[in-house]
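In what follows, a single structure is set out as C-alpha cells and then discussed.
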Amino acid sequence: MKLKFLTVKRKSIVAILLCVLAIGAFCGTYFPIKASTSPKPLHTIVIDAGHGGKDGGAVGKTTGVTESFLNLEYANTLKNMCKEYGFKVVMTRSDMNGLYSESATNKKKSEMAKREKIIKKSKADLLVSLHMNSFPSVSARGSQVFFAQGNESGQALAESVSNELNKHIKYAKKTAKVGDYYVLNCTQKPAILVECGFLSNAEEEVLLQDKEYERAFCYQLLCGILQFFKM
Ligand SMILES: [Zn+2]
C-alpha cells in the first residue's frame, strides 16, 4: 500500500516537472521579446529586395508604383519582424539604389554578382528574396513561393511559407513551385523567392500598397520561417 502511494507520488512529481519544463520551453520559444534579449542571434537571415536603381522591375499601371519600391517596403517590414523575434538580418539592399556597378556594361550581371557576394559573405542560415509579379493576362493574381530545383531544404522552407500564406492570404497559390532564378541557384542554403502578388492586376496593385496587408503578408512569411526552423 505504502509502496503504491510512493509510486503515485513519484509519478505526480515527474508530471509536475514535465509541465514546468514544457511551460518554460513555450515561453522561451513564443515570446519574441525574450528571444531578442539573447546575446547570440537565433539565426541569420538574408532578405533580398529584388531589383533597384535603373531596374524598377514590374510597374503598376493604375498607380505607377514600381516593384523595386514595393520589394524594399516588404523587405523592411519583414526585417523588423525578424529582428524583433531575435534573428540577425542582412539586407542585400536597404535603399532604392541598384546593386550594380555604375561602370558595368552588363548591369544585370554586375547586380547579380553583388547579390551573390552579399549572400555568401553573410553566412546566413536562410534566404528570402522578395518580388512582385506581372503577367499579360490582367486576371492573374495571388502570391507564389519558389525554390531551386534539387534544393531540398529550400523546398521545405518554400512549403512552410506557402502553407502559412495560405492560411490568411486570400489568393495565395496553394503550392510552392520550382523556379530557375539566379538568386536561388547561387546558394545551397534554404532559399526562397516570394512573388508577393501581381502588379498587373489592378485590384492587387492597390492591395499590395496597403500597409495593413503588407504587415499581414510579412507576418505570414515570418510564421513560415518559424515553422521551418521548428520554432
Ligand atoms: Zn522581380
For segment 69-145, run through the GluC sites (Glu not before Pro) and keep only the ones in DSSP coil with at most 13 other Cβ atoms within 10 Å of their Cβ. Glu102
Long-range HN-HN contacts of Ala49 with modeled amide H, under 5 Å: Thr92, Arg93, Leu130
Can you list the GluC sites (Glu not before Pro) in segment 200-231 that are in a DSSP coil and have 16 or fewer other beta carbons within 10 angstrom? none
Equivalent-ellipsoid semi-axes of segment 40-228, from the Cα gyration tensor, Å, largest first: 22, 21, 16
Expected vector for segment 93-101, Karplus 3J(HN,Hα) from phi with 6.51, -1.76, 1.60 and θ = phi - 60°, integer Hz, x for Gly and Pro, equals 9, 10, 9, 7, 5, x, 8, 6, 7
Residue order, fewest to most surrounding Cβ atoms within 10 angstrom, among Tyr100, Tyr171: Tyr171, Tyr100
Which whole-Hz ³J(HN,Hα) couplings does segment 125-130 yield from phi under the Karplus relation 6.51 cos²θ - 1.76 cosθ + 1.60, θ = phi - 60°, glycine and proline marked x? 8, 6, 10, 10, 9, 10
Sorted by chain and then number, the residues having a modelled amide H within less than 5 Å of the amide H of Lys177, at least 5 places away or on another chain, are Val145, Phe146, Phe147
Within segment 95-169, which trypsin sites (Lys or Arg not before Pro) sit in a loop by DSSP and count at most 13 neighbouring Cβ atoms inside 10 Å? Lys123
Using the alpha carbon gyration tensor of segment 57-130, what are the three equivalent-ellipsoid semi-axes (square root of 5 times each eigenvalue), largest first, in whole Å? 22, 20, 8
Once you list every other residue whose beta carbon is under 15 Å from the beta carbon of Lys114, what net charge do they have if Lys and Arg are +1 and Asp and Glu are -1? +3
Kindly write out, for segment 67-74 in residue order, the coupling ³J(HN,Hα) from the Karplus curve 6.51 cos²θ - 1.76 cosθ + 1.60 (θ = phi - 60°), rounded to whole Hz, with x marking Gly and Pro. 4, 4, 5, 5, 4, 5, 4, 5
Straight-line reach from Lys167: which aspartates and glutamates fall under 14 Å, measuring Cα to Cα and dropping same-chain residues less than 8 apart? Glu159
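Read-outs throughout are calculated quantities, based only on the coordinates presented, and are distinct from any laboratory measurement. Keep in mind the model is a prediction, meaning the values are calculated, not measured. Using ideal geometry, Cβ is built from the backbone for each residue, glycine included, and neighbour counts are taken over all protein chains shown.
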